[in-house]
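Readers should treat all values here as calculations from the given coordinates under stated rules, not as data from a laboratory. Model, not experiment: these values are computed from the prediction. So basically every Cβ, Gly included, is an ideal-geometry build from the backbone, and we count neighbours across all protein chains shown.
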Amino acid sequence: MQHGFQPARRALIGLALALFVVTCNSDQLASPERIVPAEALTGPNLLLDSGFEAGGADWQNSAAPGRAVDGTQFHAGAFAQLIVASAASENVVYQDVAVTAGQSYAAGAWVFTQDLNDLGGVVELLWLDSQGLPEVPPAADLLGTQIVGTLNGTQDWTLVSGSFDAPAGTVVARVRLRVGLEGDDAGAAWFDDGSVTEVTSQDVTPPTAIMDLPPPKNVVLILSDDQRAELMPYMPLTSSLLNAETVRFSRAFVTTSWCCPSRSSILTGLYAHNHGVLTNTAPTGGATKFKPGSTVATWLHQVGYRTGLFGKYLNEYPKISPAIPPGWDDFQVFSSPPDYFNYAVNENGTIVNYGSATSAYATDVFAEKARQFIWNTPTQQPLFLFFAPYVPHGPATPYPSDVGAYATVPKWRPPSFNEPDVTDKPAWIRALKKITDAQMVTMDALHQRQLETLLSLDRAVASIITALQLNGRWGSTLVIFASDNGYAWGEHRLVDRKNCPYEECIRVPYWVRAPGLIARTDTNLVANIDLAPTIAAWAGVTPPGKVNGMNLRPLLENRFTPWRRALLIEHWGGAPTSSGVRTSRYLYNEYANGNKEFYDLVLDPYQRFSRHKVEANAPLIASLKAILTEIKAQ
């Protein structure tokens, strides 16, 4: 089986390889240069490390005809094993690793294939009951064979891997890399960075064998606070750095658009009605309501990840500070009401106060903590970094040098701003007065400050990505940028509100970067509840309990993957209790008091006219209501 995001093919390389394979017939094979800058390579190269004896000539059969060590074609390391196809025999290289019977082992290799038919490039395991066996062991010594995976045709570097239990009597696991019989004598495969790992495994001599471990699969989640989806253009560094290998979701939502319920959904993958944090404050919400026993942090921590949270945790966390929730190895969060200056931080159980000096600017302080977390994590240990600054939440205090940077940005006045006729809206909107000129002045000033605070976040994101690159982790890191909720800027007469069912509140930025992804904008429905199961899948973890969210990985790899057709939107407190369903085109919402709303987002993108009373819409509304009933029961 194959795992990992498949890198994009490189057509020029494929053409060069096709010419190369046909003309080479000696042991001294040279491959074309791969179009990857040396500084882009990440991860420790154990094949070149003098402390290891693997790789190079230590691969058995490397010097035989049709097999070679190729130091110019590589994936993450160098000296990739090259095997040229033959119609006469299966060309094989192998290494042995000592194992313990009954233990579970991961086995794999990165494979690059060119013009292979039939079986193609093969990664397989042989379980043996003695050491130092010849290339083809006697049948009595071979306890079993398992195919890890195959790759044929012409394919760029793809990770072929799996997990297996060593059979009773096993002493040695032989990892074989081979190319199946090729009738046309054409084609080749390169193999690199395979792994057979277990803490107690030892080298076997002879032959010497330790395979290069693939880089740890890291996760970085960057979560802004109260950021509307439209504000990403005000972060030029982030937009540039999260461009290649990034899927930008244009229909991304939070299922409850309020800080604490949304963050609880992000940590658990659950709708708010399942995790129970319905509002920001006790008794219906806040940190005291949240149950931290099963979160994405505990899931990853249990499989060896080093986990760190820097910034804002949950609303009302100061009530329980300095308590540290389970699953976090490095926990440095606001221990007082969050702010940009003059705040307190729980630094792993110690409360530290920060003042008003420029050096105490909260976004910068937490960004530095995040960078140190990256550098202080052991090289081969995977990390989960959750960076959660307060930006651009009110009062939205910009870094001093950013004040005035967006003074000339036009005032926000969409068609739904200060909506003149709200007779189609539910009672709580109809009760709102029109926004006054004085309120507009205050709102405009806040909006400008919010944009200016994003500049500090933009620099922080760039510095974290730079640290990942310099630390050698960038090539194996999943990076997600999102926000906990949107923010209404006067639409439908809502003054600086976030807990509402309208697009301004529920739609958020949502960008996902992973090595090998083909960059695109995606219109499928995704949500905050998808983050936890996606991160778990990237780390190879199965959540121990129920989740409502979906693993984004299949969708990231293929935009045509069957996907959800609707999301549940639910609110309590702040705005009247309501639940609704958001599809790619429609929003249907109903309130506890019997009020209803229905919008066609294609015909009415600003949600100015609720058509719930239009008779012709009755069948459609009935179908949406049925979907809502179904999702609420999940």
Three-way shape call for region 251-333 based on the alpha-carbon gyration tensor, with the a/c threshold at 1.5:
oblate
Gyration tensor (alpha-carbon) shape descriptor, region 218-563, a/c threshold 1.5:
rounded
With θ set to phi - 60°, apply the Karplus curve 6.51 cos²θ - 1.76 cosθ + 1.60 along region 511-517 and write out the HN-Hα couplings as whole Hz, x wherever there is a Gly or Pro.
10, 10, 10, 8, x, x, 5
Residues of type lysines that Lys596 reaches as a straight line, Cα spacing below 16 Å, ignoring anything fewer than 8 places off in the same chain
Lys425, Lys613, Lys625
Partners for Lys312 among lysines (Cα-Cα distance below 27 Å; same-chain residues under 8 apart left out)
Lys217, Lys289, Lys291, Lys369, Lys498, Lys546
With 0.36 nm assigned to each residue of separation and the Cα-Cα distance removed, Gln469 to Lys613 gains 46.3 nm
Relative exposure of Asp165, Asp424, Asp226, judged by other C-beta atoms within 10 Å (fewest first):
Asp165, Asp424, Asp226
With 10 angstrom as the radius, rank Lys289, Lys434, Lys625 by how many other C-beta atoms surround their C-beta, starting from the fewest.
Lys434, Lys625, Lys289
Under 5 Å, built H, 5+ apart or other chain: amide partners of Val333
Gly311, Asn346, Asn348
Quick shape check on region 484-531: root eigenvalues a ≥ b ≥ c of the Cα gyration tensor, a/c under 1.5 is rounded, otherwise prolate if a/b tops b/c, else oblate, and it reads prolate
Any residue on another chain or 5+ positions along whose placed amide H is under 5 Å from the amide H of Glu419 is listed here as His492, Arg493
Just the number, please: Stokes-Einstein D of region 297-345 in µm²/s, Kirkwood Rh from C-alpha pairs, 20 °C, 1.002 mPa s.
187 µm²/s
Read phi for every residue in region 419-430 and hand back ³J(HN,Hα) as whole Hz from Karplus 6.51 cos²θ - 1.76 cosθ + 1.60, θ = phi - 60°, with x for Gly and Pro.
3, x, 10, 10, 5, 7, 8, x, 4, 5, 7, 4
Scaled to the compact-protein estimate 2.2 N^0.38 Å, what is the alpha-carbon radius of gyration of region 510-634, rounded to two decimal places?
1.22
Taking amide H atoms as placed 1.01 Å from N in the peptide plane, list the residues 5 or more away in sequence, or in a different chain, whose amide H sits under 5 Å from that of Ser294.
none
Just want the ordering: Phe560, Phe249, from fewest to most Cβ atoms lying within 10 Å of their own Cβ.
Phe560, Phe249
Karplus-derived 3J(HN,Hα), 6.51/-1.76/1.60, for each residue of region 462-477, Hz, glycine and proline x
4, 5, 5, 4, 4, 4, 4, 5, 5, 7, x, 9, 4, x, 9, 10
